[in-house]
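Notes follow once the structure below has been shown.
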Amino acid sequence: MLQNNTLKGDRANSELSGEEWPCSKAAKNLAPSFSSLQWSPDPLGRAVSTGSRLDMETLGDQSDLAPEVETKLYHRRWFMLFLFSSVSASNAFMWLQYGIISNIFMRFYNIDALAIDWLAMIYLLTYVPLILPIIWFLDNRGIRDVVLVGSAFNCIGAWIKIGSASPDTFPVTFFGQFVCSVATVFILGIPSYLASVWFGEKEVSTACSIGVLGNQLGIAIGFLVPPILVPNVDDMEELAHHIRIMFYITAGVATLLFVLVVLVFQERPKIPPTQAQATARSIPPEQYSYIASIRSLLRNKPFMLLVITYGLNVGCFYAVGTLLNRMIIVHYPGEEVNAGRIGLTIVIAGMVGSLICGIWLDRTKTYKQTTVAVYLLSLVGMIVYAATLSLGHLWVVFITAGVLGFFMTGYLPLGFEFAVELTYPESEGTSSGLLNCSAQVFGIIFTICQGKIIDDYGTLAGNIFLCVFLLIGTIMTALIKSDLRRQNANLQAKAAAERHKSGQDYGATSLISKQQTSSQA
């Protein structure tokens, strides 16, 4: 198995001072296109990475610069992306297959609403203690092993649930859901990592968006399919039969995807897709320090602000998705199927928003401006949704929920890509893992608190509760300093190559002129 050296940059050398860095082993092993760049210590005393604060003036003598490292895009990158997205969709479907028909499962298992909520929140709770060990696993074993183990857990959990299609087997279904939640920890933070490893700089944000779309597609199916497969019938044996069919379908799909991952999913392309990746691969794996990487991220103030704001936004989305059935049924009794369709509308609109945001970022590179705008519009969408939910017109709820989903779910890839820019050359798996950890913590808090507020004061108060935190997140996002390190790294590599080429051309012209002068003499 290939070792994963992706985007390790100077993170293994955070102990070195700015003066020591140029003489270090890592500096001597950097890609040729960066070999003559001038290095200086950052405010923390570490050497500045290839993608952080290098100015154009710090380029060395252009005649000493080496050519660009070879890069290449492989057609199979799209298959890797869509296979991963399918695994993510399968796992996300099982997150919501209980909550969207919560009233049916409450009657089937004879449990209360909080127990049903925990079938969704277990996904959030499991993530928090497991994310750091799995980030270590990703850095040491690579993306193939991580996706393989994640799809295996997903498959095992789906088969365990088949044994829980009877009223007295709630502990079995909870255990199966727990196993599936472990798979989420392996899968959720991969999109930005996979995009950087396989895709070029002009398509990396779009690829990340498609990776996120897989998760959103699974959520959309989780909103739509369970109300259709499991109708609200009175006969318990018939209800058990419908539940069993749903469990068999999910297990079959999870098994097929696991087999495909085993057979065809690859670690990374032989030739890197970008100069940033080429530079990162040149760092020897033995110089990587996991603890130093985490410490570096925790000291990165713009990134830590993003961690909090991302958690607030996505935590609100988790709460809305988990409690959607309860909110709809309160105002529109007997509309379980339409509750699922409203959830589907939220996610489908969000998928469109994610894709548009990804394409927009690839073309404009306006990470902070786009993130602030989408965050603000998420707040506006939440306010409008909260104000119109109780009007008694389902078609209005469909529209306002769609607007909310477009911006709130569209924010997901923005957060991932902005984090990669702020933290390069740290591993994307590490940065996205910390983002998701924040989202899970806030998701648990918001789901429990909003559920309690809805029970005591109604849906309007519960949604206002979320609006307050979205407002706080919008203000904090505006305070994030935009330091696009990955983009700077790619620009520096191109500038170095152009100066080197210019120097070569000048040298050749000078030689020809000298030869002509000599012959004339």
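The values are calculated or read from the model by the stated rules, or taken from the named source; none is laboratory data. What you see is a predicted model, and the numbers here were worked out from it, not measured in a lab. Note that each Cβ is placed from the backbone with ideal geometry, even for glycine, and that neighbours are counted across all protein chains shown. Each accessible area value is taken on the protein alone, full model and side chains, heavy atoms only, with ligands, DNA and RNA left out. Shrake-Rupley method; radii C 1.70, N 1.55, O 1.52, S 1.80 Å.
Pairs are defined by a Cβ separation below 8 Å, a sequence spacing of at least 6 or placement on different chains, a first member in the stretch 156-183 that is in contact (Cβ under 8 Å) with a residue 40 or more places away in the chain and part of a loop (DSSP other than H, G, I, E, B), and a second member that is β-branched (V, I, T) and open to solvent by less than 10 Å² (accessible area, probe 1.4 Å); the pairs so defined are S164/T173; A165/I243. The single condition among (1) in a helix (DSSP H, G or I); (2) closer than 30 Å to N300 by Cα; (3) open to solvent by 40 Å² or more (accessible area, probe 1.4 Å) that L470 does not meet is (3).
Within the stretch 295-309, take every residue that is in a helix (DSSP H, G or I) and touching a Leu at 6+ places or on another chain (Cβ under 8 Å) and give me the one that is surrounded by the most Cβ atoms within 10 Å (Cβ to Cβ). For the stretch 295-309, the residue satisfying everything is L306. I need every pair where a residue in the stretch 352-368 that is over 17 Å from A220 (Cβ atoms) has its Cβ under 7 Å from the Cβ of a residue that is hydrophobic (A, V, I, L, M, F, W, C) and not in a helix (DSSP H, G or I), sequence separation at least 6 or different chains. Short answer, once both residue conditions are applied: K365/L484; Y367/L484; K368/I480. On the stretch given as the stretch 211-226, residues that are of a type in the set (A, V, I, L, M) and surrounded by 24 or more Cβ atoms within 10 Å (Cβ to Cβ) total 4.
From the list K452, K481, which residue is without any contact (Cβ under 8 Å) to a residue 24 or more places away in the chain, open to solvent by 10 Å² or more (accessible area, probe 1.4 Å) and basic (K, R)? One residue alone meets the criteria, K452. Looking at I243, I249, which one is more than 30 Å from N140 (Cα to Cα) and buried (at least 17 other Cβ atoms within 10 Å of the Cβ)? The conditions single out I243. Contact map, the stretch 372-398: first residue farther than 24 Å from Y332 by Cα, second residue outside any helix (DSSP H, G or I), Cβ cut-off under 8 Å, separation 6 or more or different chains; pairs are V374/G410. Criterion applied to V403, V397 was being surrounded by fewer than 24 Cβ atoms within 10 Å (Cβ to Cβ), out of contact with any strand residue (DSSP E or B) (no Cβ under 8 Å at 6 or more places or on another chain) and farther than 28 Å from S293 by Cα, and the one residue passing it is V403. Take the stretch 80-132 and flag every residue that is closer than 20 Å to A439 by Cα and without any contact (Cβ under 8 Å) to a residue 12 or more places away in the chain. Listed by number, the list holds a single entry, P129.
Residue-wise test of (1) among the polar types (S, T, N, Q); (2) over 21 Å from the mean Cα position of the chain (by Cα); (3) in a helix (DSSP H, G or I).
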site	(1), (2), (3)
G415	no, no, yes
P425	no, no, no
L434	no, no, yes
C437	no, no, yes
Q440	yes, no, yes
I448	no, yes, yes
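One residue stands out in the stretch 190-207 among those that are open to solvent by less than 10 Å² (accessible area, probe 1.4 Å) and part of a loop (DSSP other than H, G, I, E, B): the one that is modelled with the lowest pLDDT, namely G200. Could you say whether any residue in the stretch 264-277 is in a helix (DSSP H, G or I), at pLDDT 85 or above and aliphatic (A, V, I, L, M)? So far as the stretch 264-277 goes, yes, one or more of its residues are in a helix (DSSP H, G or I), at pLDDT 85 or above and aliphatic (A, V, I, L, M). In this structure, does F82 turn out to be among the aromatic types (F, W, Y), more than 22 Å from L229 (Cβ to Cβ), at pLDDT 90 or above and open to solvent by 10 Å² or more (accessible area, probe 1.4 Å)? Yes: the conditions hold for F82. As a summary of the residue check, M382 satisfies the conditions (1) more than 22 Å from A339 (Cα to Cα); (2) aliphatic (A, V, I, L, M); (3) open to solvent by less than 20 Å² (accessible area, probe 1.4 Å) except for the one numbered (1).
Just wondering, is there one or more residues in the stretch 318-340 that are part of a helix (DSSP H, G or I), free of Cβ contacts under 8 Å to residues at least 60 places away in the same chain, open to solvent by 10 Å² or more (accessible area, probe 1.4 Å) and under 23 Å from F442 (Cα atoms)? For the stretch 318-340, residues part of a helix (DSSP H, G or I), free of Cβ contacts under 8 Å to residues at least 60 places away in the same chain, open to solvent by 10 Å² or more (accessible area, probe 1.4 Å) and under 23 Å from F442 (Cα atoms): absent. Which one of these is open to solvent by 50 Å² or more (accessible area, probe 1.4 Å), more than 24 Å from S431 (Cα to Cα) and among the β-branched types (V, I, T): I104, I156, I116, I111? The unique qualifying residue is I156.
In the stretch 486-504, the count of residues that are in a helix (DSSP H, G or I), out of contact with any strand residue (DSSP E or B) (no Cβ under 9 Å at 6 or more places or on another chain) and at pLDDT 85 or above is zero. Within the option set L355, L361, L312, L391, being farther than 16 Å from F416 by Cα and either open to solvent by 20 Å² or more (accessible area, probe 1.4 Å) or assigned to a helix (DSSP H, G or I) (or both) holds for one residue only, L391.
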